[in-house]
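Heads up: the structure comes next, in structure tokens.
No value in this document is a laboratory result; all are computed from the given coordinates. Everything numeric in this text was worked out from a predicted model, so none of it was measured. Because the Cβ atoms are built from the backbone with ideal geometry, glycine has one as well, and the counts that use them run over all protein chains shown.
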């Protein structure tokens, strides 16, 4: 997924009034405001209330559901294999975002997680804060070399302590 494609998708979603926050590799690159590596997909967080709207907007761009379904995460893919991973959250009155994971596990994003922006291809985009992006990107799975570089770059850029992580 190129920077131009990611930015175009985000522009389309915003034009349809859909608020999304980036996470994953593009979320980190948005925070760094530069493309550091090739990306397989675009990970977005959206309100559970906006799931039907985001699915419709992505279908307008030629994306079809590949797997999963709300309230869990789900993936949409276009004919060329470009993938958008959608992570629905239920926003609480406190501003926290509750994400339902496989097996009934719950991940809660602090309200402050959604108070950041970055840039992709010169376009301002919403993304998770560096602190939250670091936790999400380094917790719960072994990191390959690309993800290790993501974590290192994020820590270096924002002066965050390097967390312990398992390597793949």
| field | All-pairs Cα distance distribution in region 15-168, expressed in whole percent, bin size 5 Å | value | 2, 9, 18, 22, 22, 17, 8, 2, 0
| remark: Note on region 43-122: contact order normalised by length, alpha-carbon pairs under 8 Å, 6 or more apart, percent, works out to 24
| note | Contour minus Cα-Cα span, residue 157 to residue 37, at 0.36 nm per residue, comes to 41.6 nm
| query | Which whole-number percent is the relative contact order of region 3-158 (Cα, under 8 Å, 6+ apart)? | reply | 25
| note | per DSSP, antiparallel bridges as share of beta bridges in the chain, % nearest 5, sits at 70
| MRE, 222 nm, helices only [DSSP H, n ≥ 4, -39500 (n - 2.57), over the chain, to nearest 500] | -10000 deg cm²/dmol
| said: Per residue, how big is the convex hull of region 63-124 when only Cα atoms are used? Give it in Å³. | reply: 107
| query | Using a Gaussian network model of the chain with C-alpha springs under 10 Å, which one of 135, 51, 86 is most mobile by mean-square fluctuation? | reply | 135
| Which of rounded, prolate, oblate describes region 105-168, given a ≥ b ≥ c as roots of the alpha-carbon gyration tensor eigenvalues and a/c under 1.5 marking rounded, otherwise prolate only if a/b is larger than b/c? | oblate
| message | Of the candidates 16, 41, 29, which one comes out as most mobile in a Gaussian network treatment of the chain with C-alpha springs shorter than 10 Å? | response | 16
| message | Less than 14 Å from a label point 7 Å out along the Cα-to-Cβ axis of residue 131: which backbone N atoms in region 78-119 qualify, by residue? | response | 109-116
| remark: Across 105, 157, 126, the residue with the highest GNM fluctuation in the chain (Cα network, 10 Å cutoff) is 105
| message | Applying a 10 Å radius around every beta-carbon, put 94-102, 110-118 in order of their mean neighbour count, most first. | response | 110-118, 94-102
| note | Of the convex hull enclosing the alpha-carbon atoms of region 1-102, the direction-averaged projected area in nm² is 6.5
